[in-house]
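Remarks on the structure that follows.
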């Protein structure tokens, strides 16, 4: 279970990654997709209707911040939500609510 300090630090990171920075909405959509199933970059690109290179950039950002993990190598690599991030998913949901964003089903 994360400490209060860890939760506060993660809350600040999530605010920045998803609600304050350019591309945050796209990253949020990627995380929402990956919360449902493990996908590769091409599948995410098709699902969101955005350029493959754009998706790859956002995946790199999310991997760098340990929100998601990459499994495999090359074109067929798949991505999923990091086990380390799972305890913080509720914070992301809280932030979505506080910004007036509806949960996508």
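We did not get these values from a lab; they are worked out from the coordinates using the rules stated. For clarity, every value in this text was computed on a predicted model and none was experimentally measured. Ideal geometry is used to build each Cβ from the backbone, glycine not excepted, and the neighbour counts take in all protein chains shown.
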Ranked 93, 73, criterion: other C-beta atoms within 10 Å, fewest first:
73, 93
Between 0 and 90 degrees, rounded to the nearest ten: what's the tilt of helix 52-64 against the longest Cα principal axis of the chain?
40
Sum of -39500 (n - 2.57) over DSSP H runs of 4+, divided by residues of the chain (222 nm, nearest 500)
-16000 deg cm²/dmol
Any idea what angle helix 24-36 forms with the longest principal axis of the chain, computed on alpha-carbon atoms, 0 to 90 degrees, nearest 10?
80
Cα long-axis angle, helix 89-98 against the chain (0 to 90 degrees, to the nearest 10)
70
